[in-house]
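**Student:** Quick one: the structure is below, and I'll ask about it shortly.
The values are calculated or read from the model by the stated rules, or taken from the named source; none is laboratory data. What you are looking at is a predicted structure, and each value in this text was computed from that prediction instead of being measured. Methodologically, a virtual Cβ is constructed for each residue, glycine included, from the backbone with ideal geometry; neighbour enumeration extends over all protein chains shown.
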Amino acid sequence: MESMDDAAVRKFQKELNAGTVALVLLAILHASAEPLYGYQIAKRLEGAADGGLPVKQGTLYPVLRSLEEHGLLTSRVEPSVSGPPRKYYSITDGGRQALQGWKAAWARTRDFVDATLEGKRSEQHA
């Protein structure tokens, strides 16, 4: 049986992941020299996550679709010699612009949270 603490941590992690997954996906596609398909993106996420992947692989595809619907990614489907066709994703110019803005917002948020957790905010305003 799951403890209340475990459930609370999972709920918090899910809420925290909601916006960060899109940011991380754009960053991965921005850093790639070539289009990537879903499994390649998932492997890069795993490589970046030391303590296990905080994002379930099933979460990736809805976020990729949403980013594409908003014009931040494009995709193309290509046949695969080892299975079903693969959908390859590339970041658009709009995606690059969004990434820059999101990175700045993330940095401000991270700095604020870190300072608050370390008690620096309350000391500055005391």
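**Student:** In region 48-64, is there at least one residue being surrounded by fewer than 11 Cβ atoms within 10 Å (Cβ to Cβ), at pLDDT 90 or above and of a type in the set (Asp, Glu)?
**Tutor:** No; the residues of region 48-64 include none that is surrounded by fewer than 11 Cβ atoms within 10 Å (Cβ to Cβ), at pLDDT 90 or above and of a type in the set (Asp, Glu).
**Student:** Just a yes or no: is a residue in region 81-88 among the hydrophobic types (A, V, I, L, M, F, W, C) and at pLDDT 95 or above?
**Tutor:** No, region 81-88 contains no residue that is among the hydrophobic types (A, V, I, L, M, F, W, C) and at pLDDT 95 or above.
**Student:** A further question on this structure: If you scan region 34-83, which residues turn out to be in contact with a Phe, Trp or Tyr (Cβ under 7 Å, 6 or more places away or on another chain) and in a strand (DSSP E or B)?
**Tutor:** Leu36, Tyr37, Leu73, Ser75, Arg76, Glu78, listed by residue number.
For (1) over 19 Å from Thr20 (Cα atoms); (2) at pLDDT 95 or above, each residue gets a yes or a no:
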residue: Gly71; (1), (2): no, yes
residue: Ser90; (1), (2): no, yes
residue: Gln100; (1), (2): no, yes
residue: Asp114; (1), (2): no, no
residue: Arg121; (1), (2): yes, no
residue: Gln124; (1), (2): yes, no
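**Student:** Look at region 84-105 and say how many of its residues are buried (at least 16 other Cβ atoms within 10 Å of the Cβ) and assigned to a helix (DSSP H, G or I).
**Tutor:** Qualifying residue count, region 84-105: 4.
**Student:** Here is a follow-up. Within region 4-27, is there a residue that is outside any helix (DSSP H, G or I) and modelled with pLDDT of 95 or more? Working first, answer last.
**Tutor:** Kept after step one, since they are outside any helix (DSSP H, G or I), are these residues of region 4-27: none.
No, every residue in region 4-27 fails to be outside any helix (DSSP H, G or I) and modelled with pLDDT of 95 or more.
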